[in-house]
Every structure is written in structure tokens, then in C-alpha cells.
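Here's the structure we're looking at; comments come further down.
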Amino acid sequence: MKKRILFIVVVLIFAFAIDAMTETTTTRPKKKMIKAGTAIDVGRDQDERASIMKELFEKASQYASAISCETELDSKKLVALVPWDDDHDIWDARYALIWRGDIRCWGGSGSSQPHITIVGIGMGGSIVVFPELSSPVVEFNPSVRIIDRIIKVTENELTLKGMDWASSDALCCPSIPVHIIMRRDGKNNWKLIQKKPATKNP
């Protein structure tokens with residue numbers, strides 16, 4: 001009887017040992033999981049960042065081109081109001097493209113104005129436009145015809161460098177560089193807060 005019990009114990013130990021060896025040799029290494037809130041600008045390789053920003057720009061550009069004539073688009077004017085990072089969920093990410101165009105297609109040198117389009121990331125990682133946050137639904141009037149570049153960005157404030165008119169300038173061709181601060185109000189309209197001659201440190 002004792003020999004039989006000993007035999008069973010040995011068999012069980014042997015079976016557990018074989019099972020453990022099989023698991024060790026056949027288990028594949030786990031894939032590294034990426035959090036949904038991983039930043040576009042942090043923690044992703046250069047190619048992936050560029051691909052995401054390209055998709056955001058393309059979608060915002062399609063919207064702008066669909067609602068305006070003589071549309072001028074520049075990928076350098078796509079900025080993160082709310083970035084997709086460890087502190088913000090993917091659904092909260094918001095990106096703004098500032099562009100220039102003639103929404104009413106009136107034509108003429110004075111008809112093109114700066115506008116804004118807000119895009120984000122929707123279901124399944126698709127890029128979506130938020131028309132209720134974008135021109136022409138919301139107000140965006142920086143009081144200049146040309147925006148050269150975006151200097152500083154927060155969720156509700158933009159610091160821009162633009163061109164204003166001198167007394168002798170034609171309507172098409174402002175010549176005075178200015179720094180502009182625009183702030184978003186409770187109705188998502190962007191209000192001009194400050195416009196002053198450009199300096200090295202706005």
C-alpha cells in the first residue's frame with residue numbers, strides 16, 4: 001500500500017514538473033501594451049507621431065476646403081489645444097488648425113480671412129472634425145488678414161504672430177508685424193484680447 005501511494009506521489013510530481021516545463025517553453029512573451037493616453041509627442045516614435053499629425057492635418061484641411069474658396073493651408077499651423085498624453089484621455093484630445101480662406105466665396109483681395117478648425121480622435125482611432133467648435137460656427141477674428149505663425153498655445157488661449165496694416169498698405173498686403181492674443185470664451189468663440197507691435201518676446 002505504501003509503495004502504491006509513493007508511486008502515485010512520484011507520478012503526480014513528475015506530471016507537475018512536465019506541465020511547468022511545457023508552460024515555460026511554449027508561453028510567448030507578452031506584447032507591450034500602450035495606454036490609450038500615451039502622448040502623441042511623448043512615448044511614440046517619430047514616424048508614428050508624424051503619421052498621426054498628418055492625418056489630423058488632412059482631415060482639418062478637407063473640412064476647410066469644403067467650406068471655403070481660395071483656401072490656404074499650412075501644416076505648421078496645426079497645434080494641440082489638449083494633447084493626447086498621460087494626463088488626458090484620447091477622447092479629450094483637441095487640435096486646432098488655423099487657416100486662411102474665403103468662406104463666402106465672394107472673391108477679391110479682401111475676402112480671405114483667418115479661420116479655425118478643431119479636430120480630434122474619435123471611435124476606433126478615426127480623425128473627426130468638431131464643426132460646432134470651428135469656423136464659421138464660432139467667432140474667430142484676430143483683426144489681421146495674415147497669421148504668420150503660432151507662438152504659444154493653451155487649451156483656451158492662442159498667441160499668434162500676424163501682419164497688420166500701415167496707413168499706406170493696400171488691403172491685400174499688410175506690412176506691420178504684430179503679436180496677438182486670442183482667448184476662448186464660454187461659448188467657444190475666440191475673442192481678441194491683445195494686439196501689439198511684435199517684439200522678440202511677446
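What do you reckon, is S167 within 23 Å of S75 (Cα to Cα) and among the small types (G, A, S)?
no
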Of the conditions (1) modelled with pLDDT of 95 or more; (2) polar (S, T, N, Q); (3) loosely packed, with under 13 Cβ neighbours inside 10 Å, S75 clears all except one; give me its number. (3)
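Pull up the stretch 169-191, narrow it to residues that are assigned to a strand (DSSP E or B) and of a type in the set (A, V, I, L, M, F, W, C), then point me to the one that is surrounded by the fewest Cβ atoms within 10 Å (Cβ to Cβ). Reasoning before the result, please.
Of the stretch 169-191, the ones assigned to a strand (DSSP E or B) are 176-184, 190-191.
When the remaining residues are screened for being of a type in the set (A, V, I, L, M, F, W, C), the result is 176, 178, 180-182, 190.
Numbers: I176: 14, V178: 21, I180: 23, I181: 18, M182: 23, W190: 22.
Restricting to residues being assigned to a strand (DSSP E or B) and of a type in the set (A, V, I, L, M, F, W, C), the top hit is I176.
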What's the number of the only condition in (1) outside any loop (DSSP other than H, G, I, E, B); (2) closer than 15 Å to E70 by Cα that E132 fails to meet? (2)
Selection from the stretch 155-168 of residues in contact with a strand residue (DSSP E or B) (Cβ under 8 Å, 6 or more places away or on another chain) and part of a loop (DSSP other than H, G, I, E, B) yields E155, N156, W165, A166
Pick from the stretch 135-149, criterion in a strand (DSSP E or B) and surrounded by fewer than 17 Cβ atoms within 10 Å (Cβ to Cβ), ranking: farthest from the chain's Cα centre (by Cα): D148
Spans of strands (runs of 3 or more DSSP E) in the stretch 43-126 with at least 1 residues in contact (Cβ under 8 Å) with a residue 24 or more places away in the chain and acidic (D, E): 69-72, 94-102
Counting only residues in the stretch 85-125 that are surrounded by fewer than 21 Cβ atoms within 10 Å (Cβ to Cβ) and among the β-branched types (V, I, T), the one farthest from the chain's Cα centre (by Cα) is identified as I103
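Taking S168, is it in contact with a Gly (Cβ under 9 Å, 6 or more places away or on another chain) and among the small types (G, A, S)? Even if it seems obvious, please write down each step before you answer.
On the way: in contact with a Gly (Cβ under 9 Å, 6 or more places away or on another chain): no; among the small types (G, A, S): yes.
The answer is no for S168.
The values are calculated or read from the model by the stated rules, or taken from the named source; none is laboratory data. Keep in mind that what you see is a predicted model, and the values were worked out from it rather than measured. With ideal geometry, Cβ positions are generated from the backbone for all residues, glycine too; neighbour counts draw on all protein chains shown.
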